[in-house]
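A short worksheet on the structure shown next.
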Amino acid sequence: MTKRNALTLILTLALSAIAAAQSPAISPTERSSALAAGRAFGLEARTLDLETFGDRRFTGRSGVLVAEGDSWFDYPRADVLKMLQRQHDYTVESVAQYGHTLDSMAYDRNQLAGLAGQLKSLRDRGITPKAILISAGGNDIAGPELGVMLNNSRSGLGQLNSIIAGELVYRRFQVAMITLLSAVTELGKLNFDRRIPILIHGYDYPVPDGRGFLGGFWILPGPWLKPSFALKGDPLAPNSAAQHQIVLNGLIDDFNKMLEAIPKIDGLEHVRYVRLVGTLSSSPGNYTSDWGNELHPTPNGFKRVAEKFHEVIARLP
């Protein structure tokens, strides 16, 4: 064995040892701490100055939903919430705003206070929501954050840094999601004396094609995916687009797997996971009919996503 091969073997073994030692799974103690922190945040949010929501008529025959989230719940022309109202006749009370991150939803006291205000307003009018919808995580993965999880394509390490990605998805994001859901659960119990069903959703596979909002020109938002791949490799290399799609699909699969396990946690059994894989096309020939840009569906795509939410809501007790 040459000296160079020996060094390569040692480096490979060292990286494997690090990966094994730094298992991304959170411990039972960390899970309990996140649940406890969420309950405390929920109690705190109830005591903050709450935004006042005026009287409004509730005309949706399918029931009232409350929502917190990001641009999938707050997007021009069409989003999940707009489609639930238009296509399925729900009334939706929302504090969602484009740009919200999972991190800010979980730990920003002012954001949680907005949701607390919505729930208190409903309680004061004698209205119990059918479910609380949460959309979170997309902004924590896309944009510059994606670049942190990528190795340079010329490093020989593989495009996705599995150690960093695993740490983010299975530890940081999972703890933040548990904390957020625990806080929302507490707010439901404080206002309605019971656990209100909570819906969280995964993602289908977006295509990193460089399209932003209305093309992403000048000051318009986006693109959010392709620039990170371009920064960490040669976008003109043979099969680079296909390789980028494989890497992104794997990251989405990990994020979905983390979310799907949430309802199995003691204390979060009332949470429902909305599975979206297979809902939107990522096929080269027709994906633009479902994806308006790298992160957001078209109106037709949002309609399909809203149908998946409706199917889960319809099965609630």
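General observations
- Within region 139-161, being in contact with a helix residue (DSSP H, G or I) (Cβ under 7 Å, 6 or more places away or on another chain) and either surrounded by 15 or more Cβ atoms within 10 Å (Cβ to Cβ) or hydroxyl-bearing (S, T, Y) (or both) holds for D140, I141, L146, M149, L150, Q159, L160.
- Among (1) modelled with pLDDT under 95; (2) in contact with a His (Cβ under 7 Å, 6 or more places away or on another chain) - the single one W224 does not satisfy: (2)
- Selection from region 91-119 of residues that are of a type outside the set (S, T, N, Q), surrounded by fewer than 23 Cβ atoms within 10 Å (Cβ to Cβ) and assigned to a helix (DSSP H, G or I): D103, Y107, R109, A113, G114, G117
- Scanning region 59-90 for residues that are among the hydrophobic types (A, V, I, L, M, F, W, C), buried (at least 19 other Cβ atoms within 10 Å of the Cβ) and not in a loop (DSSP other than H, G, I, E, B) turns up L65, V66, A67, V80, L81, M83, L84.
- Cβ pairs under 6 Å, 6+ apart, first in region 87-108 and under 16 Å from R172 (Cα atoms), second aliphatic (A, V, I, L, M): L102/A136; L102/A176; D103/A176; M105/A136; M105/L180; A106/A176; A106/L180
- Selection over region 254-278 of residues that are more than 22 Å from P197 (Cβ to Cβ) and without any contact (Cβ under 8 Å) to a residue 12 or more places away in the chain gives a count of 0.
- Considering the conditions (1) outside any helix (DSSP H, G or I); (2) within 18 Å of S71 (Cα to Cα), I252 is excluded by exactly one of them, (1).
- Test result for L122, part of a helix (DSSP H, G or I) and buried (at least 21 other Cβ atoms within 10 Å of the Cβ): no
- Hey, G233 touching a residue at least 40 places away in the same chain (Cβ under 8 Å), buried (at least 16 other Cβ atoms within 10 Å of the Cβ) and small (G, A, S) or not: yes
- Qualifying residue in region 165-184 (condition: of a type in the set (S, T, N, Q) and either part of a loop (DSSP other than H, G, I, E, B) or free of Cβ contacts under 8 Å to residues at least 12 places away in the same chain (or both)): no
- Among the candidates V277, V271, residue that is crowded, with 18+ Cβ neighbours inside 10 Å, under 15 Å from the mean Cα position of the chain (by Cα) and at negative phi: V271
- Hits in region 255-268 - residues which are part of a helix (DSSP H, G or I) and over 17 Å from the mean Cα position of the chain (by Cα): K264
- Search result, residues across region 103-140 that are aliphatic (A, V, I, L, M) and closer than 16 Å to A176 by Cβ: M105, A106, L112, L115, I134, A136
The values are calculated or read from the model by the stated rules, or taken from the named source; none is laboratory data. For clarity, every value in this text was computed on a predicted model and none was experimentally measured. All Cβ positions, even for glycine, are placed from backbone atoms using ideal geometry, and neighbour counts span all protein chains on display.
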